[in-house]
Amino acid sequence: MEGRDEEKEQDGLSVHSQAPTSSASSLTKVELELRLLEALEIYPVAKLQGMHRHFVLYGLMDFLRRSFGRDFSSDEVLQLLDCFYNLEMLVLVI
Amino acid sequence: MGSSAKDDSSTDNGDSNADPSSEPVLFAEGEKVLAYHGPCIYEAKVQKVEVLTDDQRYFVHYLGWNKNWDEWVGGSRLLKFTDENVQKQQELNKKQGSDKNTKSGRSSHHKSKSSTGTEFFAAGRGKKRKVEPGIEEKDTISDDKHVKIPIPPQLKKQLIDDWNFVTQLGKLVKLPRSPCVDDILTKYLDYRSKKDGHIADSIGEILKGLRSYFDKSLPMLLLYNKERQQYHEEIKDDISPSTVYGAEHFLRLFVKLPELLAYVNIEEETLAKLQQKLTDFLKFMKSNQSTFFLSTYEVVAGNCKEEEDD
């Protein structure tokens, strides 16, 4: 029993100690997602499935670069998009 | 301006309207003429005359239209400015139902202008029309949003020669080309990675975009009519045109690029950055002009027959 309590306490401590980092990273994630959704108003995701795909992706990359002041790779953008859309289906249509 | 610009069909249209039995009519510099453009005839002025081996070609300015539409045309596209021909112009334009002052004429032009033809070396301009305030404001805005991609003069000349070889001399680029479009893109990527020390993901995406545009638009926008048969012979199954065609056809894409990019609705700031990158790419093409481009085209056996048929 004692051991269990210690474990709980340790868990609690560990949670506490990680809390600031975790919330900071989730804030960044939320910020990223919000910005991405904003960008999608300009570059509709449907355009990712046609001949304009790469320039749409380029537009999204540049939008995020300007928002966050760092470069975004196309893979990063696609991973973010993957949170909201089934990209495999999009690729299939290309 | 009327509907589709001077593509092969419009040139042929001009040919078919010219009297084949008569001697070629010659025009002088500064002469006011009537010029076929698409299905209609417009008033124009001959600004330059170039004497070719067995023909002449003329640099014309369409009166009342932006000089961006000035272009080189063959003699068959021109008519003497006589009462008879003016009447012909009025009848034809009426028949086409596309009076350049009407809305329908313009919108049809806007959509179909992107056919093949001499407009390849018109530096990627949008529409040709008279400046008439209050009409189609929306069109003006979208036209302004087109990114300007300046084509270096040396490459513009390349486009003119290209047009001349194919449409006037009946020659074709011998395929497959080496380097092909894919090779050129790879060479540019190498050049940039050496210059910058790394490969920027954004450059890679732009190059992929150019490749995708080329593959999709080649059969629809970038071929002259005389090249279509060759396309069907060379591009079968899943072959990508960018592995077969080379710089000659790829360069034509840059004339059409502003229109294509308009569909993406890219933000102004991003567009400016993209414009810089595309300009740099064209500079690279210019620097390698002698290795990327053919200096002469070949008469392809099948094409002779096609020419006769035309």
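The values are calculated or read from the model by the stated rules, or taken from the named source; none is laboratory data. In this text the structure is predicted, and so the values were computed from the model without any measurement. Note: ideal-geometry Cβ built from the backbone for every residue, glycine included; neighbour counts use all protein chains shown. All accessible areas refer to the heavy atoms of the entire protein, side chains included, with ligands and DNA or RNA removed. Shrake-Rupley method; radii C 1.70, N 1.55, O 1.52, S 1.80 Å.
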Identity of the residue in segment B:186-205, of a type in the set (A, V, I, L, M, F, W, C) and within 12 Å of chain A (Cβ to nearest Cβ), that ends up farthest from A:Y58 (Cα to Cα):
B:I199
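Report yes if B:K128 is at pLDDT below 90, assigned to a loop (DSSP other than H, G, I, E, B), more than 14 Å from chain A (Cβ to nearest Cβ) and within 23 Å of the chain's Cα centre (by Cα), otherwise no. Give the derivation first.
Working: at pLDDT below 90: yes; assigned to a loop (DSSP other than H, G, I, E, B): yes; more than 14 Å from chain A (Cβ to nearest Cβ): yes; within 23 Å of the chain's Cα centre (by Cα): yes.
In short, yes.
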What's the total number of residues in segment B:268-296 that are under 20 Å from B:I151 (Cβ atoms) and more than 14 Å from chain A (Cβ to nearest Cβ)?
16
Exclusive hit being under 19 Å from the mean Cα position of the chain (by Cα), at pLDDT 95 or above and under 17 Å from B:S178 (Cα atoms), set B:L278, B:L251, B:L218:
B:L251
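Among the residues of segment A:52-70, which ones are surrounded by fewer than 19 Cβ atoms within 10 Å (Cβ to Cβ) and in contact with a Leu (Cβ under 9 Å, 6 or more places away or on another chain)?
Step one: filter segment A:52-70 for residues surrounded by fewer than 19 Cβ atoms within 10 Å (Cβ to Cβ), giving A:65-70.
Once the filter is applied, which keeps residues that are surrounded by fewer than 19 Cβ atoms within 10 Å (Cβ to Cβ) and in contact with a Leu (Cβ under 9 Å, 6 or more places away or on another chain), segment A:52-70 yields A:S67, A:F68, A:R70.
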Quick check: is even one residue across segment B:87-108 within 26 Å of B:G170 (Cα to Cα), part of a helix (DSSP H, G or I) and at pLDDT below 85?
no
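Are any residues in segment B:51-68 at pLDDT below 85 and under 26 Å from B:G170 (Cβ atoms), and if so, which ones?
Of segment B:51-68, the ones at pLDDT below 85 are B:51-56, B:64-68.
Passing the criteria: B:V51, B:L52, B:T53, B:D54, B:D55, B:Q56.
Yes/no matrix, rows are residues, columns are (1) in contact with a helix residue (DSSP H, G or I) (Cβ under 9 Å, 6 or more places away or on another chain); (2) more than 10 Å from chain B (Cβ to nearest Cβ); (3) under 24 Å from B:A200 (Cβ atoms):
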| site | (1), (2), (3) |
| --- | --- |
| A:L32 | yes, yes, yes |
| A:L36 | yes, yes, yes |
| A:L40 | yes, yes, yes |
| A:Y43 | yes, no, yes |
| A:Q49 | yes, yes, no |
| A:R53 | yes, no, yes |
| A:M61 | yes, no, yes |
| A:L64 | yes, yes, yes |
| A:F72 | yes, no, yes |
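Looking only at segment B:157-176, count every residue that is under 27 Å from B:E205 (Cβ atoms) and either open to solvent by 20 Å² or more (accessible area, probe 1.4 Å) or not in a helix (DSSP H, G or I) (or both) and tell me the total.
Going residue by residue through segment B:157-176, those that are under 27 Å from B:E205 (Cβ atoms) are B:158-159, B:176.
Retained after the next criterion (residues that are either open to solvent by 20 Å² or more (accessible area, probe 1.4 Å) or not in a helix (DSSP H, G or I) (or both)): B:158, B:176.
Qualifying residue count for the region: 2.
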Test: residue in segment B:259-267 that is among the aliphatic types (A, V, I, L, M) and more than 14 Å from chain A (Cβ to nearest Cβ):
no
Could you tell me how many of the residues in segment B:177-210 are basic (K, R), assigned to a helix (DSSP H, G or I), at pLDDT 95 or above and farther than 19 Å from A:S73 by Cα?
1
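Scan segment B:202-238 residue by residue and report those that are among the hydrophobic types (A, V, I, L, M, F, W, C) and open to solvent by 30 Å² or more (accessible area, probe 1.4 Å). Break it down into steps so the answer makes sense when it comes.
Within segment B:202-238, the first condition is being among the hydrophobic types (A, V, I, L, M, F, W, C), and the residues that meet it are B:203, B:206-207, B:210, B:214, B:218, B:220-223, B:235.
Correct list: B:M220 only.
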Those helices (runs of 4 or more DSSP H) lying entirely in chain A with at least 1 residues modelled with pLDDT of 80 or more and hydroxyl-bearing (S, T, Y)
A:2-42, A:53-68, A:74-82
